[in-house]
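Undergrad: A single structure is presented below for examination.
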Amino acid sequence: MTQAESELRVAHLDADAFYVAIELARRPELRGRPVIVAGSGPRAVVTTASYEARRFGVGSAMPASRARRLCPEAVSVPPDFPTYRAVSRRLMDIVRAHVETVEVVGLDEAYLDLEGLHSPRAAMRRLATEINRAMQLTCSVGIGPNKLVAKVASDAEKPAGFVVLTRHEACERFAPAPPSIVPGIGPKTAARLSELGLTTLGAVAAAPEQLLATRFGANHGCDLRRRARFEHDAPVGASHKRVSESRERTFDRDISDGQRLEEIMARLARELCESLQSHGRSGRTIGIKVRLDDFTTVTRARSLAQPTCDAQLVAGTALELLRRYAPARPVRLLGVRVAGLAHDAAQAGDRGAAERDAAHAGDGAAAQPDAAHVAGGEDQLRLPVGAQ
């Protein structure tokens, strides 16, 4: 193995336009046409879009109404998350058959530890070929010395990209790119960097440490500079431990009827508990999320003495919290969450991470008994009321 080959320690594999690809397998007559996976309601957002639709500027999390204005000829398909989760499990089973250590970070993507493989490039090409043959899915693969390089490389030449870079090569190739292409540098941070005149990765990498420390704090400033230089040492598999799971719905029309809200809350609790039970999970903290018609978002939570995944107990607690809050305005969104999850080691594994994208995770705020949080914003993922 050459020195360059020995530096290729991590791969990032990302199934291209995953939801669309699944829909096209079911409806091959749509191949080559712009396709949008989104609900049909007035508040629906785009889950994903085919590359033909993306050429018109359509992108994920965009309001579906705007996407249809940008691309009137697009075919809109409603999302089918149970099928997407099932296909994801098959996909990750194939990945694990080729690589021992896999960190699943979504239904359609994962980091792979390449340590010990004789020829990482050849191994990843074989994996991509097998996935395509077995599932008719194309994947983009990025390979590098760490997770940052691998992730950005996999995004660089979609679809069906295969990009291999050392850290130095990544710094050179992406120096003119915006900082936000690197995981961990979000839109808000990128905007603050822009205020300092740092609009490219190269500029952030070359910025004086004191400048970044003054603007972002010593730790965050140092981290930004390291990320811009593609310096990263987190091992594959050391990922986010899932601590909560939730179900929520954004309604096509605001709901004022208390009984109707309770019916929806009870159904969401049942759906959530079915998922928890199937994955051997239970949690001590039950929480609700209520977004009003003016976008005020309120959460309430209560911690129990013992972890549970019992639908009757979760629903009963959620309904009590909802009744105590008693929304004074029409409700736009309703959700229920179980946090402080404990896992049954015989069942959990990292299947939970593979289903994270479809779990409709809650606001992530720390849950305390009867705690409240007020925030704004709109969800990026919605299902119509009553979707199973």
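Undergrad: Top to bottom by accessible area (1.4 Å), largest first, where do S140, S76 land?
TA: Working: S140 0, S76 50 Å².
Most to least solvent-accessible, the answer reads S76, S140.
Undergrad: Then there's this: I want to make sure I understand the PRE zone here: with the label point 7 angstrom from the Cα of Y325 toward its beta carbon, which residues in region 280-319 have backbone N atoms less than 14 Å away?
TA: 286-302, 317-319
Undergrad: Mean shadow of the chain, computed from the convex hull of its alpha carbons, in nm²?
TA: 20.5
Undergrad: Using r as the Cβ-Cβ distance of K188 and R66, and R0 as 22 Å, what FRET efficiency do you calculate, to the nearest 0.05?
TA: Working: r = 22 Å, r/R0 = 0.99.
Between K188 and R66 the formula returns 0.50.
Undergrad: Could you list the residues of region 286-322 with an amide nitrogen less than 18 Å from a label point located 7 Å from the Cα of E274 in the Cα-to-C-beta direction?
TA: 309-316
Undergrad: Rank-order 274-287, 113-126 by packing density, defined as the average count of other C-beta atoms within 10 Å over each peptide's residues, highest first.
TA: My ranking of the peptides, most packed first, is 274-287, 113-126.
Undergrad: Okay, next question. When the accessible area of region 1-110 is split by element with a 1.4 Å probe, what percent falls to carbon and sulfur?
TA: Working: 2350 of 4750 Å².
Carbon and sulfur together cover 50 percent of it.
Undergrad: On a full-extension model of 0.36 nm per residue, what is the gain between E209 and Q259, subtracting their alpha-carbon distance, rounded to one decimal in nm?
TA: Gain on stretching E209 to Q259: 12.3 nm.
Undergrad: For K151, what charge total do you get from the other residues with a beta carbon under 9 Å from its beta carbon, if Lys and Arg give +1 and Asp and Glu give -1? Intermediate values should be presented prior to the final figure.
TA: Working: positive: K147; negative: D14, E109, D155.
For residues surrounding K151, the net value is -2.
Undergrad: Moving on. Find how much the distance from R31 to E100 grows on full extension, using 0.36 nm per residue of separation minus their present alpha carbon separation; answer in nm with one decimal.
TA: 21.4 nm
Undergrad: Quick test of the membrane-span-like rule: which DSSP H helices of the chain reach at least 27 Å along their long axis (C-alpha atoms) with mean Kyte hydropathy at least -1.0?
TA: Details: long enough: 258-278 (30 Å, -0.42).
For the chain, where a helix must reach 27 Å along its axis and average at least -1.0, the hits are 258-278.
Undergrad: Turning to a different aspect of this structure: What's the whole-number percent of alpha carbon pairs in region 289-335 lying beyond 17 angstrom?
TA: Details: 401 of 1081 pairs.
Of the Cα pairs, 37 percent sit more than 17 Å apart.
Undergrad: How much net charge surrounds I94 when only the other residues with a Cβ under 12 Å from the Cβ of I94 are counted, with Lys and Arg +1 and Asp and Glu -1?
TA: +3
Undergrad: Right, next: For the chain, what does -39500 (n - 2.57) per DSSP helix run (n ≥ 4), summed and divided by total residues, give at 222 nm, in deg cm²/dmol to the nearest 500?
TA: -11500 deg cm²/dmol
The values are calculated or read from the model by the stated rules, or taken from the named source; none is laboratory data. Bear in mind that the values here come from a model prediction, so they are computed numbers and not experimental data. No Cβ is skipped: glycine too gets one built from the backbone with ideal geometry, and neighbour counts run over all protein chains shown. What goes into the accessible areas is simple: the full protein's heavy atoms, side chains included, and nothing from ligands, DNA or RNA. Shrake-Rupley method; radii C 1.70, N 1.55, O 1.52, S 1.80 Å.
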